[in-house]
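In what follows, a structure is listed as structure tokens, so that the remarks can point back to it.
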Amino acid sequence: SMTTIHANSPRDAFSRLEAMMLMADLEIPSKVLIQQLASAIKMVVQVARLQDGSRKIISIAEVIGVSDGRIETQDV
């Protein structure tokens, strides 16, 4: 499946997703939320609108795991 989230980078997308999940007040520890995000999302494709109005893919990142409480990504 695919979804859209407005963020400035793949790493920022995960920060925003985590923040939205915490705002839901589910009383789930942040560590568990991060693990769930890392296991559910395999790839982030970032698209930007250029000055000429066109949209282009500017970044593709794959999730490689969790390290030190942060989701680690690697550019493809």
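The values are calculated or read from the model by the stated rules, or taken from the named source; none is laboratory data. Computed from a prediction, not measured in an experiment: that's the story for all the values here. Please note: Cβ atoms are built from the backbone with ideal geometry, for glycine as well, and neighbour counts cover all protein chains shown. Just the protein is used for accessible areas: all its heavy atoms, side chains included, with ligands, DNA and RNA removed. Shrake-Rupley method; radii C 1.70, N 1.55, O 1.52, S 1.80 Å.
For the stretch 21-57, a residue qualifies if it is among the aliphatic types (A, V, I, L, M), in a helix (DSSP H, G or I) and within 12 Å of the chain's Cα centre (by Cα), and the qualifying residues are I34, L37, A38, A40. Of the residues that make up the stretch 10-18, is at least one of a type in the set (A, V, I, L, M, F, W, C), touching a residue at least 40 places away in the same chain (Cβ under 8 Å) and not in a strand (DSSP E or B)? Looking for residues that are of a type in the set (A, V, I, L, M, F, W, C), touching a residue at least 40 places away in the same chain (Cβ under 8 Å) and not in a strand (DSSP E or B), one finds at least one in the stretch 10-18, hence yes.
Does A48 satisfy being within 17 Å of A7 (Cβ to Cβ), among the hydrophobic types (A, V, I, L, M, F, W, C), in contact (Cβ under 8 Å) with a residue 12 or more places away in the chain and open to solvent by less than 60 Å² (accessible area, probe 1.4 Å)? Considered against the rule, which asks whether it is within 17 Å of A7 (Cβ to Cβ), among the hydrophobic types (A, V, I, L, M, F, W, C), in contact (Cβ under 8 Å) with a residue 12 or more places away in the chain and open to solvent by less than 60 Å² (accessible area, probe 1.4 Å), A48 comes out as no. In a residue-by-residue description of the stretch 15-27, the property of being under 15 Å from E72 (Cβ atoms) and loosely packed, with under 12 Cβ neighbours inside 10 Å applies to no position.
Looking across I60, I64, one residue alone is open to solvent by less than 80 Å² (accessible area, probe 1.4 Å), part of a strand (DSSP E or B) and either more than 15 Å from A7 (Cβ to Cβ) or free of Cβ contacts under 8 Å to residues at least 60 places away in the same chain (or both). It is I60.
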